[in-house]
Amino acid sequence: MTDLFTLILQIGTILLAARIVGTIFRTIRQPQVVGEMAAGLMLGPSLFGSLAPHAFVRLFPPAGLDRLNSLSQIGLVLFMFLVGLSVHPKQLREYGRAALVVGQASIAVPFALALGLAWFLYPRVSSPSVHFSHFALFMGAAMSITAFPVLARILSQSGLLDKPLGALGIACSAVGDVTGWCMLAYIVMVVRAAQTAMPFWLTLAGSLAFALIMLFGVRRWLRALERHYVTHGGFTENSISLILLFVLASALITEALGIHLLFGAFLAGCVMPRHGAFVQDLRERFESITVVLLLPLYFAFTGLRTSIGLVKGPQMWGYCAAIIVVAVLGKLGGTMAAGRAAGMSWRDSAALGALMNTRGLMELVILNIGLDIGVISPAVFSMMVLMALVTTFMTTPLLHTLRAIASRAPLPAGQQGSFTVAGQEP
């Protein structure tokens, strides 16, 4: 088969699998994206490669995966732009104290627990060539992240998106993710500085300068795009081209600075104008091709890099179970405690903890970065992918269970109703 024929066949197979498995997952009240993540894992060596090894090698030859990877990375750049575009400062201001307390606690607690787990896992599953501090910091960041886009879909599907709990969940996720991505950017800078000739101080100074220019310089220039949008009643082809060039240029700059191209795309989304119609129209133009076509390719490429066969024997599965338990205790437990401290009921705190425990796509992004820079091994990568699937899958059933309990058990007199935030009306 020619390279082009193989690539088209790969894309067709991935899209078909993503649609079928995604539809099946929707029937069990899981978001489509969770099914697409599972479909990507199924297409990898863990299932497809194990059941039909010859067909697997013919469809996904190792030498022919570069083009698939390139397409998936382009999709990921556009998706990270959409994630940045979804960060709403208004929600952060509205739930300021609660969002700050809960959001930071949802990062700090799992990060601290992950450092302890890293101390235990490092001599057992990590390569001696990887510095312990790099491994530990990366595990902390990977355990701390929340999947902002998947969280929004779960809230929408559960009818909580417009409720106080849903708005607080989005705000806390935004606070936590910004902190988590800053931590990850620092970790990538440290690791890459040790692997390249570029001094760490130069990478750090350049990154800070770029962020300040984007926040206080480029953001003002982008208002001209908003005025152009209002004047013409929508986007023109030229304005869409300029936005695409801006996103790609931002990604290239952060890649050249030694961080990662995804950070530039995310920051490009954060500094875009926040006019309601402008954001909604822009999201709709980018989402279709990104979410329907390019993201399933990324899930499949992640699945091709995941080999459950590397997690073999009671000992390795014990390590995998420890990762999942620590991830759930840190994220769900830490968020629950912080929510209670912020004045929420135990039920609402538990529901918020379940939401923040959603890792999904953002976890896969971080894990692929870690594997690319060599800070985690393929075995650890596979265990962490399983953790991402388990923690994301458990969110919806746990939310429904909590809502069922709340509907059967009335609260004490004077306490807020279920799934509300203290001081807010349902």
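The values are calculated or read from the model by the stated rules, or taken from the named source; none is laboratory data. It should be emphasised that the depicted structure is a prediction, and the values quoted were computed from it without experimental measurement. All Cβ positions, glycine included, derive from the backbone under ideal geometry; neighbour counts span all protein chains shown. In case anyone asks, the SASA skips ligands and DNA or RNA and just uses the protein heavy atoms, side chains included. Shrake-Rupley method; radii C 1.70, N 1.55, O 1.52, S 1.80 Å.
One line per residue, one yes/no per condition, for (1) modelled with pLDDT under 85; (2) over 18 Å from Cys182 (Cβ atoms):
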| residue | (1), (2) |
| --- | --- |
| Leu71 | no, yes |
| Ile74 | no, yes |
| Val83 | yes, no |
| His88 | yes, yes |
| Tyr95 | yes, yes |
| Ala105 | no, no |
| Val109 | no, no |
| Ala114 | no, no |
Worksheet item: For the stretch 265-288, does any single residue satisfy the condition of being closer than 17 Å to Ser70 by Cα and of a type in the set (Gly, Ala, Ser)?
Response: yes
Worksheet item: Given Gly330, Gly339, which one is surrounded by 16 or more Cβ atoms within 10 Å (Cβ to Cβ), touching a helix residue (DSSP H, G or I) at 6+ places or on another chain (Cβ under 8 Å) and under 17 Å from Thr392 (Cα atoms)?
Response: Gly330
Practice prompt. Working only within the stretch 9-46, note down all residues that are outside any helix (DSSP H, G or I) and free of Cβ contacts under 8 Å to residues at least 60 places away in the same chain.
Written response: Ile28
Worksheet item: Has the stretch 170-179 got at least one residue that is modelled with pLDDT of 85 or more and farther than 21 Å from Leu261 by Cβ?
Response: no
Item to complete: Would you tally the residues in the stretch 262-289 being touching an Asp or Glu at 6+ places or on another chain (Cβ under 6 Å) and in a helix (DSSP H, G or I)?
Response: 1
Worksheet item: If you go through the stretch 33-91 one residue at a time, how many are polar (S, T, N, Q), buried (at least 20 other Cβ atoms within 10 Å of the Cβ) and within 16 Å of Gln10 (Cβ to Cβ)?
Response: 1
Discussion item. Which pairs turn up if I take residues in the stretch 367-378 that are in a loop (DSSP other than H, G, I, E, B) and open to solvent by 10 Å² or more (accessible area, probe 1.4 Å) and look for partners that are at pLDDT below 90 and not basic (Lys, Arg) with beta carbon separation below 7 Å, at least 6 apart in sequence or on another chain?
Written reply: Ile373/Val188; Ile373/Val191; Ser377/Ser127
Discussion item. Being crowded, with 17+ Cβ neighbours inside 10 Å, at pLDDT 75 or above and under 15 Å from the mean Cα position of the chain (by Cα): is that true of Ile187 here?
Written reply: no
Item to complete: Scan the stretch 214-234 and give yes if some residue there is closer than 27 Å to Gly180 by Cβ, part of a helix (DSSP H, G or I) and among the aromatic types (Phe, Trp, Tyr), otherwise no.
Response: yes
